[in-house]
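Enquirer: One structure follows; several queries about it will come next.
Nothing in this text is a laboratory measurement; each read-out follows from the coordinates by a stated rule. This is a predicted model, so every value here is computed, not measured. Positions of Cβ are generated from backbone atoms using ideal geometry, with glycine treated the same way; all protein chains shown enter the neighbour counts.
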Amino acid sequence: MKRLILAFALSGFFATPAMANGVDHFKGLPAETLEQAVANFSEYNQRLSVVLAGEIDNQAMTEVHELTYTLENALEKIHLEVAELVDTLEDLHVASETYDADKVKAKGDAYLSVATTVVK
């Protein structure tokens, strides 16, 4: 049950809104790895913060629009990785309940590999 609740909560948190029609669309930077996604997410959130701190004129709107493409790409990759991480954590949990040391080590290492990339 915890697993279902967490997966549902994360799917809502990482959902990507649809873009308005009639606006030029940009590609955004790719997020092919989790490391790249987290780096882009951090950098582009900082850029967005700077834009939002200023006047929200047409140029700012265009900048926000462009920034969101990279942020959406990053969030999509993070979402996919975190969804898999939920399963890995559950496997680790079950392995600990059954005192399976080899599986605890393998699943624990796999879990931490992703988790420490997302949270630094």
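Enquirer: Could you list Leu85, Leu29 in order of exposure, starting from the residue whose Cβ has the fewest other Cβ atoms within 10 Å? Kindly include the intermediate steps, with their values, before the conclusion.
Expert: Working: Leu85 21, Leu29 17.
Lowest to highest Cβ neighbour count: Leu29, Leu85.
Enquirer: Rank by packing, highest mean first: peptides 40-51, 93-104, 67-78, with packing defined as the count of other Cβ atoms within 10 Å averaged across residues.
Expert: Those peptides, ordered most packed to least, come out 67-78, 40-51, 93-104.
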